[in-house]
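These notes concern the structure reproduced below.
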Amino acid sequence: MSWLAPLTKIPILYHSSRGQRFMAYHKAHMKHGPIVRVGPKPLSFSDAAAFKDIYGHGSPVRKGEFYDHLAGSHRHLADVSDRANHSRKRQVLAGAYSPDSLEN
């Protein structure tokens with residue numbers, strides 16, 4: 001990312017429009033380390049240890065506005081950003097992904 005990343009979304013939009021956002025993130029991580037600011041608010045993490053802290057059950061991290069822009073008319077578990085609605089949808093699907101269900 002460029003020095004503009006903390007100030008504006010222009011670097012993200014530029015790389016995204018060219019289909020090379022992943023490469024820009026990769027280069028930024030190679031240069032600056034496992035945590036990189038990619039916009040005024042968003043950070044990018046390349047350390048696998050951060051996965052559970054960010055995506056794990058009970059995490060205080062909230063989904064960003066990115067999910068709201070991509071959501072269709074009927075939100076599914078992956079794109080719902082409201083915690084109560086996400087919890088309700090997760091409970092409905094939890095039985096299907098239990099160890100016993102997956103084994104059967």
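The values are calculated or read from the model by the stated rules, or taken from the named source; none is laboratory data. Computed from a predicted model, the values in this text were never measured in an experiment. A quick note on method: Cβ atoms are made from the backbone with ideal geometry, for glycine too, and the neighbour counts reach across all protein chains shown. The area values use the complete protein model at the heavy-atom level, side chains included, leaving out ligands, DNA and RNA. Shrake-Rupley method; radii C 1.70, N 1.55, O 1.52, S 1.80 Å.
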To the nearest 20 Debye, how big is the dipole of the chain about its Cα centre, given +1 on the beta carbon of each Lys and Arg and -1 on that of each Asp and Glu? 420 debye
Could you quote the convex hull projected area for the chain, Cα atoms only and averaged over all directions, in nm²? 8.7 nm²
Cross-link reach from LYS89 to lysines, straight Cα distance under 16 Å and at least 8 residues apart if same chain, gives LYS63
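Take the solvent-accessible surface of the protein heavy atoms, probe 1.4 Å, and return the percent of it on region 4-104 that carbon and sulfur atoms account for. Display every interim value, and only then the final one.
Numbers: 4660 of 7890 Å².
Carbon-and-sulfur percentage of accessible area, whole number: 59.
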Using the heavy atoms of the protein chains and a 1.4 angstrom probe, tell me the accessible area per residue for the chain in square angstrom. 79 Å²
Using a 1.4 Å probe and counting only protein heavy atoms, arrange ILE12, ILE35 so the residue with the most accessible area comes first. ILE35, ILE12
Helix 83-94 versus the longest principal axis of the chain: what is the Cα-based angle in degrees, 0 to 90, to the nearest 10? 50 degrees
Please tell me the relative contact order of the chain in percent, rounded to the nearest whole number, where contacts are Cα pairs under 8 Å and at least six residues apart. 16 percent
Pairs of Cα atoms under 8 Å, at least six residues apart: use those to get the relative contact order of region 15-55, whole percent. 24 percent
